[in-house]
Every structure is written in C-alpha cells, then in structure tokens.
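*Asks:* Have a look at this one before I ask anything.
The values are calculated or read from the model by the stated rules, or taken from the named source; none is laboratory data. Predicted model only: the values in this text are computed from it and were never measured. Neighbour counts are summed over all protein chains in view; Cβ atoms, including those assigned to glycine, are modelled from backbone coordinates with ideal geometry.
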Amino acid sequence: MSLENVLDQKREEFLIKWFQLMVDAYPAETAKFLKREKNPFANPVGRSIHEGISGILDLLVRGVEHGKASEFLDRIIRVRAVQDFSPAQALAFVFDLRGLLRDVLVKEIDEGGITADELALFDAKVDELALISFNVYTACREKLYEIKVEEIKNRSFRLLQKAGLLEEISETREESGEKGGDQ
Amino acid sequence: MAKIPKASEMAATLSHIPPQTGWMDTPTEFKQGRWCYGAKAKNMEVLGLPNPRDWSPTDADWKLPSNWKEIILEGLRERIGRFRSLRLFMDICVRCGACADKCHFFIGSGDPKNMPVLRAELLRSVYRKEFTTAGKILGKLAGGRELTEEVFKEWFYYFFQCTECRRCSVFCPYGIDTAEITIIARELLNLVGCNIDWIAGPVANCYQNGNHLGIQPHAFKDMIEFFVDEIEALNGIRIEPTFNRKGAEILFITPSGDVFADPGTYTLMGYLMLFHEIGLDYTWSTYASEGGNFGFFTSHEMMKRLNAKMYAEAKRLGVKWILGGECGHMWRVVNQYMDTMNGPADFLEEPVSPITGTKFDSAKGTKMLHLVEFTADLIRNGKLKLDPSRNDHLNVTFHDSCNPARGMGLFEEPRYVIQNVCNNFHEMPPNTIREQTFCCGSGSGLNTDEFLDMRMRGGLPRANAVKHVHDMFGVNTLSTICAIDRAVLPPLMDYWVPGVGVAGVHEMVGNALVMEGETERTTDMRGEPLAGMEDSEDEDI
C-alpha cells in the first residue's frame, strides 16, 4: 500500500496527534480549552487549527496545490502571527509533520511497507509547505503594518482636508487635463 | 530508525514550552503590540491627575511615588467601603470557571491571565493578603499575594487588556461583573499616575475643548458643513444645520469620531439627512461635541466630569431633551450611571417624539434618547419614505456593540431599522450576538495602533462569526451602532475577513431615505453605484 493510502487510513490518528502537538504550544489551561470546546464560534482558534490541519493532510495525501496550501496554512498561521509566538515558533507545526509521519507510520516503515523514496517525497512536500508558510506568515505581518498605516492615514485625512492642508485636484481640472491629453 | 526531534525541540530559540509554573509565579513580559503607551505628563496635568511624568511601561523604573504601595492599598480600602459590589465581587467568587473561556481576549490569545477569573484574581489575591484574616495569616495558601512592583506592573498589563465589555458577567452564576473590577483596578492605577495615553489624551482634550480630538468649535462647524456640501452633491438637497442654537427643542450629541473618521462620517451624513427630512427642531453643540466618554476608563469622577458637560450644555441652550447618536460607551454611562451621578436632569422633559407623539419611557430618567429608538419609532409610524433597494448592493449583518447591547438591552430596535432599510440581512450565530455578543476587541480606550496585535486577537471571535456569514450568505457589510466599532472593525475585517466593509445603521438609513425634492440617486453616500446603477456614470458621459 502506498504511503498516501496508509496515511488516509490513519487520518484520524494523524490529525489527533497533530492537533495535540499544536495545542501543546499553549499553557495547559488553554490547551484544555482548545481541545474541549467544540462549538466553532466559542473556540475559533480550535476551529481554525482543525480546518487548517485537515485541509493540509488532504493535500499531502492528494498532492500539494499551491493555492489550496496557502489557504489552509493561512487558517492556522493568521492566528499564530498575532499570538505570543516568534516567527519560528509560529511555523514549527509544519516541520513537525516529518516526525509525526514517522511516529504514526512507525510500524509500516519498520516493516518496509513504506519505501525510502516515498519518505523522501513526503519530506519534499513538507519542505514545499514550509516554503509556502513563510510567504503566508510574512503576508500576515505585512498586513498588520499596512493596517497601522491606514489607520493613521484615515485618522488624519479628514482633519487635513478641513484644515485646508490638502490641495486636491478638482474635478474640472481633472476633466480638462483628460481633454488636453486627448488632444 | 533515528527518532526525529520535534521542531519545537530543535533549538533553544525555537522552543516554545509554555510556563509550567502557577500563575502567581509566572512573570509578565511586556511584549510589543500588547501594551499601550503611558499617559503623558501634559495630559495628566490638565486633568489634575496625580504623579504626572513622562514614562513608558517598558522602563524598569516607572517613577512611582515612594509611598505608592500605601496609596494603592488605601485606595482599595476606600473603594471597598464605597462600593458594596466590589466587596462582594472580592469575596464571593468560587472560581467555578464559568467565565474563563468567555473572554474574547482569552479566546484569541490563549493567555490564561486573560481569563476573567484570573484577571480578577490579580486584584483579588492582593485583597486577600491585605484585607482578610486568612490571607494575612496563610498568605499564598489562602490565595493571598503581596503587592510588589511586579504585581503592580502585571495589573497595568492585564487591566489594559480588558475592554470592560461584560460578556463574562453574562455567564457568572453569582453575577460578578468583572468589568467593574477592571474599572476599579484602573482607578487604582491612576492614583499613582499609571494610565495609558490613548485614554488620558482624549480625556484631556474633551475636558479642554469638548471632544476627544480637541477639535475647536469653528473646525467642528466647518466639518459638519463639509458634509452638508457632500449631501448636496449626492442628491441636490441643501441641509442647514444649526449650532449652539438656544431654544431648539432637541440637542443632538454624537461621538466626535462620526465627524472626522470614515466610515463614521457617512453615518453622520445619515443623521443630517434624516433630521432634515422630518423637519426636526434640533441643534448641534460645538461645546458638548462629544458623546463618547473616555473618562469612564479613568475613574468614576472623570466619567462624571465629562458626562456633566452634555447636561450643562442642554441646560444652557434651554432644550427640552437630548437625542444621542450611534455610540457605545456614551450609552453605558448615560444608561447606567448618569441618573444617580449627574442627575436628576429635572430641567429637561421626558423625551417625546415631535413627529409621532411617542413618549419614550426608556429615557424617562436621563432625558436622553437613543437615535435608533427614535428612528425605529418613525418607521413604525410610517413617517419615513424608504427605498430599501438602494441598499441592495449591501448584504448586511449586525454586530451588537457591547454597551448598547449588554449595557442597555438595545437588541430589537437596530434590527428593526436595518430590516426596513435593507433587503439583505443575515444574523451571525446566536452565541455571538445580542447579550452574548463578542467585543470588537478595541473598546474601553484600547483602540490604538501600538496595541494592534492584541486588538486582532481580541477581535478574532467577532471576526470568526462574520467570516461564517460571509462564507455562507455572501455578507459584505458589518453594520453597527458604535463609533469605536466603526473605527476598529474595518482593520479587523481587513485582517480576518477581507471583503467585508463596515457601516453605521444610519448610513444605511441615509441611503434608503427618499427625500422630498431629491435628484435621482445613482450612488450611495460613499459614491459607490447603487445596484442596477453601475453603468450610470458612463451614461452621463
């Protein structure tokens, strides 16, 4: 049986263990809450981890599509990018996939049911996910800086406008400019 | 086979092993994006607040007075005597945990000290140590904790990570209002000069100039007249608002955020259009030019001081009653405190709508009526000509703002108004709206940019529910009746649910309102084409 098939069969176990690894990064009380609370609106962090990791696992089984991978990684990384994690800590969960796979499929690997090539291919997929996750994390942080700038601009724009400190191009000038361009 | 180490075990720099110590022994680290700048000396001096100096929460030395501990403990003693509720809240919590996972900051951050019960324990543990026999004798065994400088700094960090939204109190079987614990803790912090500048600055401005921004009277008037021009360009109708007019029937007060910051400005245009259309005899005031009350986040006395000016102005102008715009904290202060704090407002009359004759019992005590109640009554009595199809480009959901929702029970009126001015409306899940509504994550004076990471965490539960209706029903507009919401939900949506905009309810009223003598409307107030009018600009050419 191929690695993908075995992984698909052990999907539940894989996801439970991955989820556990993710919540272990939080203090014990929090980890308990993230695991216990099933209502997605009472526990949005738990929800995003669930959705993210099951999506990523599907991609690993079926093949990594960049667009989809970004989407599922984003579900998790967008949260971790604003939580108490350094960039390395925020993205460690992707790298955990290698150890996790070897843990869940230890028997199959020991018995030779999974070949070295298959493992190498899986690791390559993890590398690919890791590279995509750098983009996602950076995009999240960049968005935050963009938001800060926008907030400050929006706060001062009307004031500057009222204070007569902005000299905007008027409609009529704009139109005559366009006409001039046409000629 | 070689065991592959977990990524988290690979290097010391990577390791994120959460603290294994109990909360009392886990030190608080001030991390960027999670605390607000300290109050500036000049703002504290204007207000007569103690210990004015320039300082930063990341400084090792906070320049506290040498007897700071005595001041705080005496302050706590005095407040326990003054507020029976505080005494009860200190004593009766059994740490059942019902509130623990109800706080948006805990849900979004995962930091256990954001659990309401633990946040309250920060103060309660000191209370036990200093004011209870068991705590004095047994100390830590009885949950007591000495007030040290580290503990004091931890107070600052976590009591300015609470938005006083009161969601946790909804779930407390004993009715403990953790927001009130935060309110008292902030008062104590203020006794030795530890406020944040995003609060102290607006309070100083409001005290000096009448509004949080420090907009002077002539500039305030100019700004509103600018919107008069915008409305004329939109539908050809010239509105003539009055300012500081003695003898007007009604004084209208709204947060200054509506006057200067988009998208609140569109809500303000909606107010102007509505009042013009029904011929309301009202005036703006350039002195009581702020509905919001950041004094509420400083101390009871400061809240009273800022609230008083609205009533002083109503008295000076000789109006019959006050109509208040879409605001959050203004309503909490008016509805829960004003009557016994600055009241009775016996020089005013019980609000009666001059258009429908409806007497508003809800505002009997304070003589100040919520605009959404007023508008809902106009609609119910058929006094407005509305074309909800003008909002067909909007697919709307409604965010209950904490203060009008939990602070005054205003649930039905905004929904009634929205459903009369919009054709597309979808509710978010029940455990995220009405009395269980999730805070925007930026209330109680925390809507500043240096606090952005924390705001995004705190706003996650709200955004998560919006994402649900966005994905399920294509919702593209988050409507709300609070100025802080209008300022902070757009960045929150930008981060968590791109594609969802934010609008005040009266912006949508302004869109739908058919005004007498208006020219054909092709756009909404933002200049966006109305549904079916997407090509009209080309036709003009």
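*Asks:* Quick check on B:Ala345: is it more than 16 Å from B:Pro202 (Cα to Cα), assigned by TED's automatic domain parsing to the domain that holds B:Glu240, surrounded by fewer than 16 Cβ atoms within 10 Å (Cβ to Cβ) and among the aliphatic types (A, V, I, L, M)?
*Replies:* no
*Asks:* Scan the helices (runs of 4 or more DSSP H) fully inside segment B:206-313 and keep the ones with 2 or more residues being touching a residue at least 12 places away in the same chain (Cβ under 8 Å) and more than 19 Å from B:Cys327 (Cβ to Cβ).
*Replies:* B:217-235, B:264-278
*Asks:* May I ask you to verify whether B:Leu64 is under 25 Å from B:Ala120 (Cβ atoms), in contact (Cβ under 8 Å) with a residue 12 or more places away in the chain, aliphatic (A, V, I, L, M) and not in a loop (DSSP other than H, G, I, E, B)?
*Replies:* The answer is no for B:Leu64.
*Asks:* A further question follows. Which pairs turn up if I take residues in segment A:131-146 that are more than 11 Å from chain B (Cβ to nearest Cβ) and surrounded by 14 or more Cβ atoms within 10 Å (Cβ to Cβ) and look for partners that are small (Gly, Ala, Ser) and not in a helix (DSSP H, G or I) with beta carbon separation below 7 Å, at least 6 apart in sequence or on another chain?
*Replies:* A:Tyr137/A:Ala81
*Asks:* Which one of A:Val61, A:Val45, A:Val94 is touching a Leu at 6+ places or on another chain (Cβ under 7 Å), under 26 Å from B:Gly441 (Cβ atoms) and either buried (at least 18 other Cβ atoms within 10 Å of the Cβ) or more than 10 Å from every other protein chain (Cβ to nearest Cβ) (or both)? Quick ask: steps written out before the conclusion?
*Replies:* On the way: A:Val61 fails: under 26 Å from B:Gly441 (Cβ atoms); A:Val94 fails: under 26 Å from B:Gly441 (Cβ atoms).
Exactly one residue qualifies, and that residue is A:Val45.
*Asks:* Enumerate the helices (runs of 4 or more DSSP H) found wholly within segment B:104-175, keeping only those where 2 or more residues are in contact (Cβ under 8 Å) with a residue 12 or more places away in the chain and more than 29 Å from A:Gly46 (Cβ to Cβ). Outline the logic, then answer.
*Replies:* Details: elements: B:104-109, B:116-131, B:133-138, B:149-159, B:167-171.
Ranges flagged: B:116-131, B:149-159.
*Asks:* Scan segment A:27-38 for residues that are under 12 Å from B:Ile107 (Cα atoms) and facing chain B (nearest Cβ under 7 Å) and jot them down.
*Replies:* Result: A:Glu29, A:Thr30, A:Phe33, A:Glu37.
*Asks:* Scan segment B:441-464 and give yes if some residue there is more than 18 Å from A:Val79 (Cβ to Cβ), within 20 Å of the chain's Cα centre (by Cα), among the charged types (D, E, K, R) and buried (at least 23 other Cβ atoms within 10 Å of the Cβ), otherwise no.
*Replies:* no
*Asks:* If you check B:Val488 against the conditions, is it facing chain A (nearest Cβ under 10 Å), β-branched (Val, Ile, Thr) and out of contact with any strand residue (DSSP E or B) (no Cβ under 8 Å at 6 or more places or on another chain)?
*Replies:* Numbers: facing chain A (nearest Cβ under 10 Å): yes; β-branched (Val, Ile, Thr): yes; out of contact with any strand residue (DSSP E or B) (no Cβ under 8 Å at 6 or more places or on another chain): yes.
Considered against the rule, which asks whether it is facing chain A (nearest Cβ under 10 Å), β-branched (Val, Ile, Thr) and out of contact with any strand residue (DSSP E or B) (no Cβ under 8 Å at 6 or more places or on another chain), B:Val488 comes out as yes.
*Asks:* Let me ask something else about it. Of the conditions (1) at pLDDT below 95; (2) more than 8 Å from chain B (Cβ to nearest Cβ); (3) on the phi < 0 side of the Ramachandran plot, A:Phe72 fails just one. Which one is it?
*Replies:* For A:Phe72, the failing item is (1).
*Asks:* Still on this structure, please answer the following. Tell me which of these B:Met454 doesn't satisfy, since it passes every other one: (1) in a helix (DSSP H, G or I); (2) away from every other protein chain (no Cβ under 14 Å); (3) touching a Lys or Arg at 6+ places or on another chain (Cβ under 7 Å).
*Replies:* (2)
*Asks:* Would segment B:524-533 turn up any residue that is closer than 22 Å to B:Ala233 by Cα, without any contact (Cβ under 8 Å) to a residue 24 or more places away in the chain and over 17 Å from the mean Cα position of the chain (by Cα)?
*Replies:* yes
*Asks:* From the set of residues in segment A:48-58 that are more than 9 Å from chain B (Cβ to nearest Cβ) and touching a residue at least 24 places away in the same chain (Cβ under 8 Å), which is surrounded by the most Cβ atoms within 10 Å (Cβ to Cβ)? Walk me through how you get there before you give the answer.
*Replies:* If we filter segment A:48-58 for residues that are more than 9 Å from chain B (Cβ to nearest Cβ), which is where we start, we get A:49-58.
With touching a residue at least 24 places away in the same chain (Cβ under 8 Å) added as a condition, the list becomes A:49-54, A:56-57.
On the way: A:Ile49: 22, A:His50: 19, A:Glu51: 15, A:Gly52: 22, A:Ile53: 23, A:Ser54: 17, A:Ile56: 27, A:Leu57: 18.
Selected residue: A:Ile56.
*Asks:* Please give the number of the condition A:Val79 fails out of (1) free of Cβ contacts under 8 Å to residues at least 60 places away in the same chain; (2) within 14 Å of another protein chain (Cβ to nearest Cβ); (3) surrounded by fewer than 19 Cβ atoms within 10 Å (Cβ to Cβ).
*Replies:* (3)
*Asks:* Hey, any hits in segment B:87-98 for a residue that's away from chain A (no Cβ under 11 Å), without any contact (Cβ under 8 Å) to a residue 40 or more places away in the chain and farther than 25 Å from B:Lys140 by Cα?
*Replies:* Checked against the condition, which is being away from chain A (no Cβ under 11 Å), without any contact (Cβ under 8 Å) to a residue 40 or more places away in the chain and farther than 25 Å from B:Lys140 by Cα, segment B:87-98 yields no hits at all.
*Asks:* Let me ask something else. Can you spot a residue in segment B:115-130 that is surrounded by fewer than 18 Cβ atoms within 10 Å (Cβ to Cβ) and either under 25 Å from the mean Cα position of the chain (by Cα) or of a type outside the set (Val, Ile, Thr) (or both)?
*Replies:* Taking every residue of segment B:115-130 in turn, none turns out to be surrounded by fewer than 18 Cβ atoms within 10 Å (Cβ to Cβ) and either under 25 Å from the mean Cα position of the chain (by Cα) or of a type outside the set (Val, Ile, Thr) (or both).
*Asks:* Check off (1) more than 30 Å from B:Phe297 (Cα to Cα); (2) modelled with pLDDT under 95; (3) of a type outside the set (A, V, I, L, M, F, W, C) for B:Gly214 and give me the number that stays unchecked.
*Replies:* Result: B:Gly214 passes all but (1).
*Asks:* Please work out which residue is surrounded by the most Cβ atoms within 10 Å (Cβ to Cβ), limiting yourself to segment A:105-121 and to residues that are assigned to a helix (DSSP H, G or I) and either of a type in the set (S, T, N, Q) or within 12 Å of another protein chain (Cβ to nearest Cβ) (or both).
*Replies:* A:Ile109
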